[in-house]
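Contents: one structure, followed by commentary.
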Amino acid sequence: MKNIFKDILSKSNVEGVIFFSNKGKILFMNIASDTTSKTFNLPEPDALIPIMQNIKKAKEIELYFETKIIYLRFVENGTVMILLNKNSNSAIIRLILESIISQIEQFKEAKGLKKLFKRKSG
């Protein structure tokens, strides 16, 4: 997954990417270490499920906070959450994300014993 999100993660205004399954399980997470320790507390996936279910009809949402912007993009198999610094312009992030949506939607969550033996590929 890291390879799929590499272009987004390389942008200076991006502080992290989280990919949740439709059930709220974190399938991928890459957050800058200074982001979580100083200004952003990651939400519990269980706390996000009711929010995700209630706003599921939207394609994308931008949430503006005092110090951060959280960009949510709903895809077929989950939700991509991108953490941006407060002065970011998310247009380029939306464009990059749109170009990799098909790759994200092809990602399948490992089941059973497969998740113990998954390959280490991005």
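The values are calculated or read from the model by the stated rules, or taken from the named source; none is laboratory data. Note that the structure is a prediction, hence the values are computed from the model and not measured. Please note: Cβ atoms are built from the backbone with ideal geometry, for glycine as well, and neighbour counts cover all protein chains shown.
Quick look at the numbers
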read-out: Subset of region 54-91 (residues that are hydrophobic (A, V, I, L, M, F, W, C) and touching a residue at least 60 places away in the same chain (Cβ under 8 Å)); value: 80, 81, 82, 83, 84
read-out: Subset of region 91-117 (residues that are surrounded by 13 or more Cβ atoms within 10 Å (Cβ to Cβ), among the charged types (D, E, K, R) and either modelled with pLDDT under 90 or over 19 Å from residue 11 (Cα atoms) (or both)); value: 109
read-out: Verdict on residue 24 being out of contact with any Pro (no Cβ under 7 Å at 6 or more places or on another chain), on the phi > 0 side of the Ramachandran plot and modelled with pLDDT under 85; value: no
